[in-house]
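The values are calculated or read from the model by the stated rules, or taken from the named source; none is laboratory data. Not measured: the values here are computed from a predicted model. In this analysis, Cβ positions are derived from the backbone assuming ideal geometry, glycine residues included, and neighbour counts consider all displayed protein chains.
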Amino acid sequence: MTGIHDEHADDPQHPEEHIAPVPRISVQAFCETEQTLKAVTAAGQDRRLAKAHLSAKDGGLAAAIEAYESMPTPNVIVIESDGTRDILEGLDDLAGVCDPGTRVVVIGSPSDTAPYRELVRRGVNDYVVGPVETIDVVRSICSLFSASEAIITGRVIAVVGAKGGVGASTVAHNLAWTIARDLSLDSVVIDLDLAFGTAGLDYNQDPVQGIANAVLSQDRPDTALMERLLAKCTDRLSLLAAPATLDRVYDFGAEAFDAVFDTLRMTTPCIVLDVPHQWSGWTRRALVNADDIVIVAEPDLANLRNTKNMLSVLKAARPNDRPSLYCLNQVGMHKRAEIEVKAFAKTMESQPIAVIPFDSKLFSTAANNGQMIAEVSRTHRTTVLFQNMANRLAGRGEVKKPKRSLLEPLLKKLKGKSGRSSAPHRKAS
């Protein structure tokens, strides 16, 4: 039993909510109301249910019982109760025609009076209080698998540049490193720029194998193969590096990387995708199917246009997801005319997740040494920006500095005086 869900309990745009996708399953829903029928049908188009075969029809409990008297039950049955029939009696009848192992989600009515423990006794895996929206249906079905079996739980964060050369790879690599070190989450960086990727250089690694071996393999990638291909950067951070060679052309179909991502999701809490600045079937699919997206842009007109276009396209493709985020990088470059952050944010109709100042010495030192920003300067404000980004994207909230007490200077003085007074006095000679 997963639990009772209230449709108003969680905001679908809440940054901490993470809904993992389901494996290949069959789902059949029997609805009483037009609103629920529409919500379930729309849920079937959601990216997290992309592998599920979902069908919805009218009739509620009565139709489900009649249908399964002559046909096998699917992996998941969704039943809506409008309160006109005793739900416990209906569930008893359904149990008589239900195959073992089938999971049941009930969309109940506010007028239902059945005790929670009685629903559990009858094998209900989740109970959702109606009326429901699309995201409620997605959340309920996905939670049946991610919560109980941890089949696919890893969070995927995709980082992409609004334009070439804006520093998206640098942001992705520092973000992953920070998540692994400061949040103690086992993480993997996947460098998807197979021809020109820089992750190996940034982490000072030179692995012989990487993402190309996984995606070009004749066999479906499994956990054992992925373990062999991963290069260890730190105790908690691994890298799936790009070959960064030009001895072949890297053309892929839209679904080429799906098996790699799915395999890593099963074992890794956080996966950061360094997506190259190109618009193809597989890059679009990688972005759409990610749990969170960060678009990195510089404050100029071309970046503003591209960021706006990308946010609009991704919002339309992910109607039930949190909005994609954007980050402004290299802000305040000397003698460069820039669009002000306020004006940029007004056009996007949202604030950037971070505004990273231009600092050529800091970033070039890190790049040339194969280090992360925090390794060059642990207390630099850019280091703090990456920490806040990591916390937000991992669902931890921003890191807030403790407020400095007004009495702190006085307390320091008193502490200093007490330290001197306790020291032994030197005798006069």
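Note on segment 293-324: residues that are under 17 Å from the mean Cα position of the chain (by Cα), surrounded by fewer than 22 Cβ atoms within 10 Å (Cβ to Cβ) and closer than 21 Å to ARG392 by Cβ total 7. Against the test of being touching a helix residue (DSSP H, G or I) at 6+ places or on another chain (Cβ under 7 Å), surrounded by fewer than 21 Cβ atoms within 10 Å (Cβ to Cβ), more than 18 Å from ILE141 (Cβ to Cβ) and of a type outside the set (A, V, I, L, M, F, W, C), the options ASP86, ASP93 yield a single qualifying residue, ASP93.
Only one entry of SER70, SER109, SER81 meets the criterion of being surrounded by fewer than 19 Cβ atoms within 10 Å (Cβ to Cβ), within 34 Å of the chain's Cα centre (by Cα) and free of Cβ contacts under 8 Å to residues at least 60 places away in the same chain, and that entry is SER109. Checking each residue in segment 278-292 for being surrounded by 14 or more Cβ atoms within 10 Å (Cβ to Cβ) and in a helix (DSSP H, G or I) picks out TRP282, THR283, ARG284, ARG285, ALA286, LEU287, VAL288. For beta carbons closer than 7 Å, sequence separation of 6+ or different chains, a first residue in segment 352-371 that is on the phi > 0 side of the Ramachandran plot and part of a loop (DSSP other than H, G, I, E, B) and a second that is among the polar types (S, T, N, Q) and surrounded by fewer than 16 Cβ atoms within 10 Å (Cβ to Cβ), the qualifying pairs are GLY370/ASN204. Within the set ALA95, ALA67, ALA52, the sole residue that is of a type in the set (A, V, I, L, M, F, W, C), in contact with a strand residue (DSSP E or B) (Cβ under 7 Å, 6 or more places away or on another chain), over 20 Å from PRO131 (Cα atoms) and modelled with pLDDT of 80 or more turns out to be ALA52. Considering segment 227-267, the residues that are of a type in the set (Phe, Trp, Tyr) and under 19 Å from ARG155 (Cβ atoms) include one that is surrounded by the most Cβ atoms within 10 Å (Cβ to Cβ), namely PHE257.
Among the residues making up segment 206-256, those that are in a loop (DSSP other than H, G, I, E, B), within 23 Å of TRP177 (Cα to Cα) and either under 23 Å from the mean Cα position of the chain (by Cα) or touching a residue at least 60 places away in the same chain (Cβ under 8 Å) (or both) are GLY210, LEU230, CYS233, THR234, ASP235, ARG236, ALA241, ALA242.
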